[in-house]
Amino acid sequence: PHQFWQTQPMPNINEMDKLLPGPIQQGVLAEVRKDPLNLIDKFEWFNVDLRNEEQAQQVYTLLKENYVEDDDNMFRFDYSIDFLRWALLPPGQYSDWLIGVRVNQKLVGFITGIPVTLYIENEQNKIKMTEINFLCVHKKIRANRLAPVLIKEITRRVHIKNMWQAVYTAGIVVPTPISQTRYYHRSLNAKKLIEVGFSSLSARQTISRQQKLYKLPEEPKTPGLRPMKKKDVAQVTKLLNDYLKNFKLYFKYSEEEVKHWFLPRKDVISTYVVEKEQGVVTDFLSFYNLPSQVIKNPKHTHLRAAYSYYNVATQTPIVQLMYDALILAKNEGYDVFNALDIMDNDKFLKELMFCPGDGQLNYYLYNWKLESNMLKPEEIGIVLV
Ligand code: EN5
């Protein structure tokens with residue numbers, strides 16, 4: 001098992017305590033291979049330009065048909081092109097960190113990195129690294145062991161930039177997670193969730209009882225709640241960075257980055273701030289739009305899901321703020337609101353009637369040994385999209 005991961009600088013479950021906290025291997029820039037890894041016949045590397053319409057379309061289609069599914073293969077993520085541009089073209093992005101593999105011009109493999117500054121366990125460990133995402137191999141060539149090659153190639157391109165760590169998440173367990181978190185779901189459209197098989201009715205339940213149970217008011221309750229604008233960037237940056245210091249794993253955001261990650265983009269990211277008195281922002285909430293394709297259903301093709309992103313409550317009670325998030329998401333047409341049990345989410349999940357899902361999300365650090373081998377979900381302060 002794990003033929004590939006055994007060869008990588010990852011803490012091994014059995015020998016965890018022999019390692020010192022910090023980097024597992026010391027990187028040497030001069031030793032980094034200068035040319036791309038070899039690919040088998042007809043396969044070729046290609047740097048994806050997501051600003052190019054045709055290339056964006058190719059990535060979109062590869063992911064739509066071959067990316068992550070739930071355990072029962074009923075739903076598959078359907079990231080939109082605008083979403084991919086948001087997720088993969090942040091400030092400081094490198095043009096050779098969006099890596100494709102083609103066969104006769106057809107895209108069959110993909111992996112991405114974006115630059116991040118991550119704080120690990122304490123303020124001394126501030127590390128510039130990459131956040132890896134969207135590893136995808138076309139279903140028809142899964143036997144070729146292309147995934148390890150994609151991982152090694154992006155690792156090489158990250159090393160060339162003198163960076164030696166990475167952060168990533170996965171639904172599956174490989175050596176070795178630093179935290180295991182769970183998805184929670186809040187029904188917004190009970191009838192549709194049942195029709196597509198996302199939720200099921202227990203013996204004593206009926207659709208109309210569920211609809212009643214999950215009913216929401218028409219308008220949010222918090223006075224001064226409004227969509228975030230450019231003028232809020234400085235205050236949101238401060239609120240966000242101050243809040244994130246409470247966790248053992250968090251990014252530090254520049255104002256440039258907050259502009260990119262939080263300013264509302266239609267059907268991609270929604271951010272609402274609370275402006276209590278004239279000009280003073282005290283709280284904000286945010287969620288991103290990630291629909292899933294419903295794989296086999298006569299009536300519905302898509303499930304519209306909002307995913308909780310970062311929420312900071314300094315004046316408004318967190319339960320009230322997130323209740324408003326549910327109302328806003330419902331009004332924007334979402335069927336379900338999803339959140340992980342990370343950060344302070346535990347403080348609102350039960351009360352707002354989220355239910356645990358059947359999916360886990362494992363967090364990983366590449367080439368880093370933590371002081372405490374495992375972090376609790378509530379110690380995690382980062383959300384990967
Ligand atoms: C990339 N860096 O499994 C990593 N979703 O619970 C991506 N379950 O939607 C990794 N199976 O439980 C992503 N409904 C890993 C997640 C992959 C997708 C996934 C799970 C998360 C999910 C749903 C549907 C299950 C369908 C059958 C689920 C039950 C809860 C229900 C919600 C509404 C109210 C009643 C209860």
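The values are calculated or read from the model by the stated rules, or taken from the named source; none is laboratory data. Fair warning: this is a prediction, and the values are worked out from it, not measured in the lab. A quick note on method: Cβ atoms are made from the backbone with ideal geometry, for glycine too, and the neighbour counts reach across all protein chains shown. Remember, those area values only see protein heavy atoms, side chains included, never the ligands or the DNA or RNA. Shrake-Rupley method; radii C 1.70, N 1.55, O 1.52, S 1.80 Å.
Mind jotting down a quarter of the surface of the convex hull over the alpha carbons of the chain, in square nanometres, one decimal?
Mean projected area of the Cα convex hull: 20.5 nm².
Taking a probe of 1.4 Å, how large is the accessible area per residue of region 180-379, in Å²?
Counting only protein heavy atoms, the per-residue value for region 180-379 is 47 Å².
Looking at the chain, send over the antiparallel percent of its DSSP beta bridges, to the nearest 5. Before the final figure, lay out the partial values.
Values: 63 of 69 bridges.
Percent antiparallel among DSSP bridges in the chain is about 90.
Under a Cβ-Cβ cut-off of 12 Å, what is the net charge of the residues other than Ser208 that fall near it, where Lys and Arg count +1 and Asp and Glu count -1?
+4
Excluding same-chain residues fewer than 8 positions from Lys259, which aspartates and glutamates have a Cα within less than 14 Å of its Cα?
Answer for Lys259, where 14 Å is the Cα cut-off: Asp232, listed by chain and number.
Aspartates and glutamates near Lys106 by alpha-carbon distance under 16 Å, same-chain residues fewer than 8 away left out - which ones?
Excluding near neighbours in sequence, the set is Asp41, Glu44, Asp49, Glu53, Glu54, Glu65.
Can you figure out the FRET efficiency of Tyr214 with Asp96, using R₀ = 45 Å and their beta-carbon distance, to the nearest 0.05?
The pair Tyr214/Asp96 has a calculated efficiency of 0.45.
For the chain, set up a Gaussian network in which alpha carbons nearer than 10 Å are linked by springs, and say which option among Gln25, Gln315, Gln124 fluctuates the most.
Gln124
May I have the pair-distance distribution P(r) for region 5-168, computed from all Cα-Cα distances with 5 Å bins from 0 and rounded to whole percent?
1, 8, 16, 19, 19, 16, 11, 7, 3, 0
Regarding region 180-379, what are the three Cα extents along the principal axes, ordered largest first, in Å?
Principal extents (largest minus smallest coordinate, Cα): 48, 46, 28 Å.
Considering only Met74, Pro264, Gln3, whose Cα is most displaced toward the positive end of the charge dipole of the chain, charges sitting on Cβ of Lys, Arg (+1) and Asp, Glu (-1)?
About the Cα centre, the residue reaching furthest to the positive side is Met74.
Return one quarter of the surface area of the convex hull spanned by the alpha-carbon atoms of region 140-272, equal to its mean projected area, in nm².
Hull-based average projected area comes out at 14.4 nm².
I want the local charge near Gly333. Using Cβ-Cβ distances under 10 Å, sum +1 for each Lys or Arg and -1 for each Asp or Glu among the other residues. Please list the in-between numbers first.
Numbers: positive: Arg304, Lys330; negative: Asp267, Glu332, Asp335.
That sum, taken over residues with Cβ under 10 Å, equals -1.
Just how large is the dipole of region 180-379 about the Cα centre, in debye to the nearest 20, putting +1 at every Lys and Arg Cβ and -1 at every Asp and Glu Cβ?
Once rounded to the nearest 20, the dipole reads 600 debye.
Along the charge dipole of the chain, which of Gln58, Val236, Ile114 sits closest to the positive end, that is, farthest toward it, with unit charges on the beta carbon of Lys, Arg, Asp and Glu (+1, +1, -1, -1)?
Gln58
Take each complete run of DSSP H in the chain, measure how far its Cα atoms stretch along the helix's own axis, and keep only those covering 18 Å or more with mean Kyte-Doolittle hydropathy at least 1.0; list them.
Taking the DSSP H segments of the chain (at least 18 Å long, mean hydropathy at least 1.0), we get 318-331.
Could you give the accessible area per residue of region 5-168, probe 1.4 Å, as a whole number in Å²?
Values: 8490 Å² over 164 residues.
It amounts to 52 Å² per residue over region 5-168.
Note down the accessible area of Asp96, probe 1.4 Å, to the nearest 10 Å².
40
Quick one: which of Lys64/Lys139; Lys231/Lys330; Lys161/Lys245 span more than 20 angstrom between C-alpha atoms?
Flagged as over cut-off: Lys231/Lys330; Lys161/Lys245.
Using unit Cβ charges (K, R positive; D, E negative) and no other charged atoms, how large, in debye to the nearest 20, is the dipole of region 5-168 about its Cα centre? Each step should come with its number before you reach the end.
Working: 20 positive and 21 negative charges, 113 e Å.
Approximately 540 debye in magnitude.
What nm distance separates the two modelled labels at Arg142 and Met374, each placed 7 Å from Cα along Cα→Cβ?
Output for this residue pair reads 2.8 nm.
Between His260, His300, His185, where does the largest GNM mean-square fluctuation fall for the chain, given springs only between Cα atoms within less than 10 Å?
Highest fluctuation among the options: His300.
Over region 243-385, what percent of the accessible surface lies on carbon and sulfur atoms, probe 1.4 Å?
48
Which of the residue pairs Lys191/Lys221; Lys230/Lys276; Lys238/Lys350 have a Cα-Cα distance greater than 19 Å in the structure shown? Working shown, then result.
Values: Lys191/Lys221 25 Å; Lys230/Lys276 17 Å; Lys238/Lys350 29 Å.
Among Lys191/Lys221; Lys230/Lys276; Lys238/Lys350, the Cα-Cα distance tops 19 Å for Lys191/Lys221; Lys238/Lys350.
Determine the share of region 5-168's accessible area contributed by carbon and sulfur atoms, expressed in whole percent, with a 1.4 angstrom probe. Intermediate results must be reported in sequence, preceding the final value.
Numbers: 4070 of 8490 Å².
Carbon and sulfur together cover 48 percent of it.
Suppose each label sits 7 Å from its Cα in the direction of the beta carbon; what would the Trp5-Ala30 distance come out to in nanometres?
3.5
Using Cα pairs closer than 8 Å and at least 6 residues apart in sequence, work out the relative contact order for the chain, in percent.
24
As a check on your grasp of the helix formula, calculate [θ] at 222 nm for the chain: sum -39500 (n - 2.57) over DSSP H runs of n ≥ 4, divide by the residue count, round to the nearest 500.
Calculated from helices alone, the mean residue ellipticity at 222 nm is -6500 deg cm²/dmol.
So, taking all protein chains as they sit and a 1.4 Å probe, how much accessible area belongs to Met353, in Å² rounded to tens?
About 60 Å², rounded to the nearest 10.
Given +1 on the Cβ of Lys and Arg, -1 on the Cβ of Asp and Glu, and no further charges, what dipole in debye does the chain carry about its Cα centre, rounded to the nearest 20?
Computed charge dipole of the chain: roughly 600 debye.
Excluding Trp5 itself, calculate the net charge of residues whose Cβ lies under 13 Å from the Cβ of Trp5, where each Lys or Arg counts +1 and each Asp or Glu counts -1.
+2
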